[in-house]
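The values are calculated or read from the model by the stated rules, or taken from the named source; none is laboratory data. Keep in mind that what you see is a predicted model, and the values were worked out from it rather than measured. Note: ideal-geometry Cβ built from the backbone for every residue, glycine included; neighbour counts use all protein chains shown.
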Amino acid sequence: MLSQSDTAVAGTLGAGDTALLLASLEQAPVAMAVVEGPEHRYRYVNAAFRALPTAPRPQPGGRLADGFPGLADGLEEVRRSGRQTRVSDLVLAGADGRTRVWDVDCAPLAGSGGAHSVLITMHDVSAKAEALKETEGLLREVNHRVKNSLQLVSSLLTLQALSAKDAELRRQFQEACGRIGTIAQVHQRLYQSQTYSEVAFGAYLRDLCRELGGSAAAAGRTIAVQADDVDLPADTVIPLALVVNELVSNAVKYAYAEGEGGEVAVGFHVQPDGRKSLTVADHGRGLPEGYDVARADTLGMKVVRAFTGQLKGKFRAEPNVPGTRFVVDLPA
């Protein structure tokens with residue numbers, strides 16, 4: 001039997017309609033229960049709640065923690081604060097081995113200074129969870145196919161480059177292949193990721209620079225990376241990766257004199273306020289006199305400016321004494 005305070009859930013039903021209310025709750029398709037006290041013992045459970053695949057079966061007087069240990073902390077917070085809360089994606093396994101996913105709403109039934117009882121309602125969201133799982137699988141497959149398609153395009157450009165007699169044309173084809181390969185790497189990361197929409201950028205940046213380090217080593221250069229581990233959305237990672245590709249490639253080719261060894265230092269750091277900074281620095285011969293990165297008309301600098309603008313960031317160059325440091329500042 002519900003207490004007088006618990007009948008608040010009855011809305012406009014009068015005190016004489018308690019039997020009707022209990023009969024309605026008993027037959028409701030939504031699993032409902034009322035728990036009370038610090039041990040969260042059941043005061044009431046309807047038929048749908050008793051049918052939940054838990055051991056032991058919920059019964060009046062039993063403890064909620066015996067069947068739902070993961071809900072205890074949330075319920076205690078509801079009792080203390082008097083505020084409703086939701087626990088999402090609770091997984092229960094039935095005797096047949098089939099798992100179902102539930103959202104759990106916990107609502108106080110009385111008292112602004114701490115709830116005496118808590119109403120629990122369980123909503124079966126298994127169909128939604130299955131649909132989400134299917135969508136994630138499709139996204140995973142899309143990223144895999146995009147990566148394969150980009151690799152095919154890169155291979156075709158490589159063949160075209162090999163057939164070109166002009167050395168400058170071959171170089172341009174090779175640079176285009178590098179840009180396409182950078183994008184393909186991002187989609188490979190998304191394919192391997194569990195989120196399908198975000199990339200662990202620190203790890204990705206280290207891998208990207210490791211690949212760029214192959215051509216750098218042939219020129220006597222090394223690439224060092226210091227990067228914070230942070231997850232970034234794919235639509236941020238792709239333009240940022242292309243910026244890194246351009247700046248590192250330029251530093252490898254032009255920062256040091258031919259035959260001179262040197263290091264290219266790449267950094268990516270997140271400030272406490274959420275702002276991010278990407279740096280590519282060298283200790284080479286520095287930029288030519290009067291060189292302005294805001295007006296440089298080379299394709300590489302145009303790519304860097306375009307994608308920095310897409311990210312609503314700011315791009316600048318500064319002395320590194322000796323050498324040059326390129327900085328991309330990104331907003332929070």
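Any residue at all in segment 118-138 that's within 30 Å of Ala31 (Cβ to Cβ), hydroxyl-bearing (Ser, Thr, Tyr) and crowded, with 17+ Cβ neighbours inside 10 Å? Give the derivation first.
So in segment 118-138, the residues within 30 Å of Ala31 (Cβ to Cβ) come out as 118-137.
Remaining after also requiring hydroxyl-bearing (Ser, Thr, Tyr): 121, 126, 135.
From what's left, crowded, with 17+ Cβ neighbours inside 10 Å: 121.
Yes, the conditions are met somewhere in segment 118-138.
Residues are listed down the side, and each one gets a yes or a no for (1) closer than 14 Å to Ser117 by Cβ; (2) surrounded by 13 or more Cβ atoms within 10 Å (Cβ to Cβ):
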{"position": "Pro58", "(1), (2)": "no, yes"}
{"position": "Gly82", "(1), (2)": "yes, yes"}
{"position": "Ser88", "(1), (2)": "no, no"}
{"position": "Leu92", "(1), (2)": "no, yes"}
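Of the residues making up segment 37-46, those that are in a strand (DSSP E or B) and in contact (Cβ under 8 Å) with a residue 24 or more places away in the chain number 2. Report every pair of residues separated by at least 6 positions or lying on different chains whose Cβ atoms are under 6 Å apart, first residue within segment 261-289 and of a type in the set (Lys, Arg), second crowded, with 17+ Cβ neighbours inside 10 Å. These pairs meet every condition: Lys276/Val270; Lys276/Leu330. Under the condition of being surrounded by fewer than 19 Cβ atoms within 10 Å (Cβ to Cβ) and in contact with a Leu (Cβ under 8 Å, 6 or more places away or on another chain), which residue from segment 197-211 is nearest to Gln226 (Cα to Cα)? Here the residue is Glu198.
Checked against the criteria, Thr222 does not count as among the polar types (S, T, N, Q), outside the structural domain of Pro331 (by TED's automatic domain parsing) and either surrounded by fewer than 17 Cβ atoms within 10 Å (Cβ to Cβ) or under 30 Å from Pro288 (Cα atoms) (or both).
Does Val142 meet the test of being aliphatic (A, V, I, L, M), modelled with pLDDT of 75 or more and assigned by TED's automatic domain parsing to the domain that holds Arg41? Against the criterion (aliphatic (A, V, I, L, M), modelled with pLDDT of 75 or more and assigned by TED's automatic domain parsing to the domain that holds Arg41), Val142 does not qualify.
Residues that are assigned to a strand (DSSP E or B) and not charged (D, E, K, R) within segment 213-238 comprise Thr222, Ile223, Ala224, Val225, Gln226, Ala227, Leu232, Pro233, listed in sequence order. Would a scan of segment 307-321 turn up a residue that is assigned by TED's automatic domain parsing to the domain that holds Thr222, under 25 Å from the mean Cα position of the chain (by Cα), assigned to a strand (DSSP E or B) and among the acidic types (Asp, Glu)? Checked against the condition, which is being assigned by TED's automatic domain parsing to the domain that holds Thr222, under 25 Å from the mean Cα position of the chain (by Cα), assigned to a strand (DSSP E or B) and among the acidic types (Asp, Glu), segment 307-321 yields no hits at all.
Just to be sure before I move on: is Ile183 surrounded by 13 or more Cβ atoms within 10 Å (Cβ to Cβ), part of a helix (DSSP H, G or I) and not aromatic (Phe, Trp, Tyr) in the structure I sent? Spelling it out, Ile183 is indeed surrounded by 13 or more Cβ atoms within 10 Å (Cβ to Cβ), part of a helix (DSSP H, G or I) and not aromatic (Phe, Trp, Tyr).
Conditions (1) in a loop (DSSP other than H, G, I, E, B); (2) crowded, with 17+ Cβ neighbours inside 10 Å; (3) at pLDDT below 85, marked per residue:
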| position | (1), (2), (3) |
| --- | --- |
| Gly16 | no, no, yes |
| Ala19 | no, no, yes |
| Leu25 | no, yes, yes |
| Met32 | no, yes, no |
| Val35 | no, yes, no |
| Ala48 | no, yes, no |
| Pro53 | yes, no, yes |
| Ala65 | no, no, yes |
| Asp73 | no, no, yes |
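Evaluate segment 117-133: report whether one residue or more is within 30 Å of His40 (Cα to Cα), assigned to a helix (DSSP H, G or I) and of a type in the set (Lys, Arg).
Looking for residues that are within 30 Å of His40 (Cα to Cα), assigned to a helix (DSSP H, G or I) and of a type in the set (Lys, Arg), one finds at least one in segment 117-133, hence yes.
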